[in-house]
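The values are calculated or read from the model by the stated rules, or taken from the named source; none is laboratory data. Bear in mind the structure is a predicted one, so any value in this text is a computation, not a measurement. In this analysis, Cβ positions are derived from the backbone assuming ideal geometry, glycine residues included, and neighbour counts consider all displayed protein chains.
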Amino acid sequence: MKDISEVEDIEMLVAKFYDKLLEDPITKEKFQHLNIESHLPRIVDFWAFVLLDKAGYSTNVFEKHIHLNLESIHFISWLKNWAETVNEMFEGPKAELAIQRANLLAYTFQSKLKENNG
């Protein structure tokens, strides 16, 4: 298997990941309302920024997701699906970074949600 090295890799990763989220009984209700075709390019841009240092992403990720009322169980499932998808498709430093950054992102989101609901 190869490592994540280009935007096309992230496009395939994100598409497969969202397929899993929409099949997962824990996350399905939180993501099924999305217009996936318009949402995926934004997610690809985010991960390209994070993993490939691609310029151009400036959206506040937390603000875009706060309305979803996510709970700990959603983050656990999201992380499990993300790590599984990455590991099924890629291996190497960028793949490992993708999993590490997802864990950091989930931790940060949960911390901010606690602050806002505190």
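Quick look at the numbers
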{"read-out": "Filtered residues of segment 42-55 (kept if loosely packed, with under 12 Cβ neighbours inside 10 Å and either in contact with a strand residue (DSSP E or B) (Cβ under 8 Å, 6 or more places away or on another chain) or of a type outside the set (A, V, I, L, M) (or both))", "value": "Asp53"}
{"read-out": "Which numbered condition Asp3 fails, given (1) surrounded by 15 or more Cβ atoms within 10 Å (Cβ to Cβ); (2) modelled with pLDDT under 95; (3) assigned to a loop (DSSP other than H, G, I, E, B)", "value": "(2)"}
{"read-out": "Selection from segment 67-118 of residues that are surrounded by 17 or more Cβ atoms within 10 Å (Cβ to Cβ) and either modelled with pLDDT under 90 or not in a helix (DSSP H, G or I) (or both)", "value": "Leu70, Phe90, Phe109, Leu113"}
{"read-out": "Among residues of segment 6-50, those that are over 24 Å from Glu96 (Cβ atoms) and either part of a loop (DSSP other than H, G, I, E, B) or of a type in the set (Phe, Trp, Tyr) (or both), counted", "value": "7"}
{"read-out": "Test result for Glu63, at pLDDT 95 or above and surrounded by fewer than 13 Cβ atoms within 10 Å (Cβ to Cβ)", "value": "no"}
